[in-house]
1. For the chain, what is the calculated [θ] at 222 nm in deg cm²/dmol (nearest 500), taking -39500 (n - 2.57) for each run of four or more DSSP H residues and dividing by its residue count?
2. Can you give the convex hull volume of the alpha carbon atoms of the stretch 11-227 per residue, in Å³?
3. By per-residue mean of other Cβ atoms within 10 Å, what is the highest-first order of 145-153, 75-83?
4. Have a look at the stretch 245-356 and give its Rg and Dmax from the Cα atoms, expressed in angstrom.
5. Rounded to whole Å, give me the distance from the Cα center of the stretch 221-282 to that of the stretch 117-187.
6. Rg and Dmax of the stretch 1-137, Cα atoms, in Å?
7. Compute the relative contact order of the stretch 245-356 as a whole-number percentage, counting only Cα pairs closer than 8 Å that sit 6 or more residues apart in sequence.
8. In this model, which of LYS27/LYS350; LYS89/LYS156; LYS255/LYS350; LYS55/LYS89; LYS55/LYS350; LYS55/LYS115 are farther than 23 Å apart at the alpha-carbon?
Amino acid sequence: MMSAPRLEIDLCKIHHNACLLVERLGKRGISVTGVTKAALGSAEIAATLLEAGVKRLGDSRIENIEAMRFAQVAAAMTLIRSPMLSQAKRVVMSANVSCNTEIEVIKKLSLEAQKAGRTHGVILMVELGDLREGIMPEDVTDTVRETLNLPNIDFKGIGTNLACRSGVSPDSRNMAMLSELADSIETTLGLSVEIVSGGNSANLEWALSGAEIGRVNDLRLGEAILLGCETLHRQPIDGLHTDAITLCAEVIEAKVKPSKPSGTIAQTAFGEVPPSTDRGLVTQALLAVGQQDIDPSGLQAPTGIDVLGASSDHLILESDCFELSVGAEVVFQLNYSALVRAMTSPFVTKVMTPASPSAEPIQI
């Protein structure tokens with residue numbers, strides 16, 4: 001019997017999702033950077049993305065890129081979060097390219113690249129309304145000019161990120177601004193902007209709508225590939241698997257209990273105030289997984305089972321149509337938040353089903 005809790009990861013379904021998105025975007029002149037951050041830099045998932053045709057890999061943590069290098073994943077890799085000054089040397093040694101917003105950081109990357117006898121690529125991120133990272137548009141050309149003067153730094157292009165902090169949707173207006181900025185840089189500085197990275201999985205609705213693409217020739221996709229949904233409204237993408245990754249957790253208690261707590265009510269372990277509706281006796285089950293491992297609000301339980309809540313180490317379910325016995329396993333689909341937390345938990349085993357039917361599952 002496999003250990004629980006565990007993530008069951010179907011590499012064949014991930015391959016299918018990546019292939020389909022690479023093909024659809026390729027027809028629009030857009031290549032795919034396969035983002036591995038939600039996969040914790042898994043070499044197996046990275047290899048699957050590369051086999052499916054992604055052009056390069058991207059990750060927000062240098063530790064994940066280093067892990068993929070150690071596992072001998074042969075690919076161009078981009079650090080998609082602005083580097084920390086304290087990690088500049090590691091970034092230069094392991095990442096081919098990094099996304100940047102601060103000239104002070106790029107100067108440090110230049111220094112470390114000179115010491116290592118390497119050239120490091122830089123993509124400058126532009127602020128287009130979501131108010132996370134990015135250089136203000138009016139300052140980008142001057143920043144490019146400064147970047148071009150730094151030894152061992154190769155200016156690769158520009159990019160932006162939307163829909164992560166403020167939920168700003170990528171659309172024809174802000175994508176046109178990015179394209180116009182690329183044109184302006186080329187005209188003003190007399191160079192070629194190789195990469196114009198339009199954003200992440202939130203860009204798919206725009207990119208596949210038939211809208212004018214302009215200069216955008218790259219998207220950084222993770223959630224859409226792993227979970228098969230777009231990220232503006234979390235709707236399934238036609239033709240993609242939404243169950244490539246599932247969570248299995250084991251029942252450790254199954255009892256009939258009152259639905260309303262008794263006693264003086266204060267905050268829960270995570271600062272919440274529980275509902276106090278009395279629905280009589282209910283069939284309740286405890287599973288051996290909790291807030292330390294997953295985001296309970298990001299779990300989709302099977303029909304007939306409701307997630308009532310969670311403490312650090314317990315997930316509480318209610319079933320209205322069948323009894324959950326001790327030792328039984330419940331399989332959940334996950335959203336991005338639940339996936340990221342489960343992937344980073346050392347208490348959740350990762351079991352990967354290879355694309356080949358004859359191959360044994362890989363347990364991590």
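No value in this document is a laboratory result; all are computed from the given coordinates. Remember, it's a predicted structure, so these values are computed and weren't measured experimentally. Here the Cβ is made from the backbone with ideal geometry for all residues, glycine too, and neighbour counts use every protein chain on show.
1. Theoretical 222 nm ellipticity from helices: -8500 deg cm²/dmol.
2. Once divided by residue count, the hull of the stretch 11-227 is 109 Å³.
3. The most tightly packed comes first, giving 75-83, 145-153.
4. Answer for the stretch 245-356, Rg first and Dmax second: 14.8, 56 Å.
5. Value for the Cα centre distance between the two parts: 38 Å.
6. 16.5, 56
7. The normalised contact order for the stretch 245-356 reaches 32 percent.
8. Violating the 23 Å limit, Cα to Cα: LYS27/LYS350; LYS255/LYS350; LYS55/LYS89; LYS55/LYS350; LYS55/LYS115.
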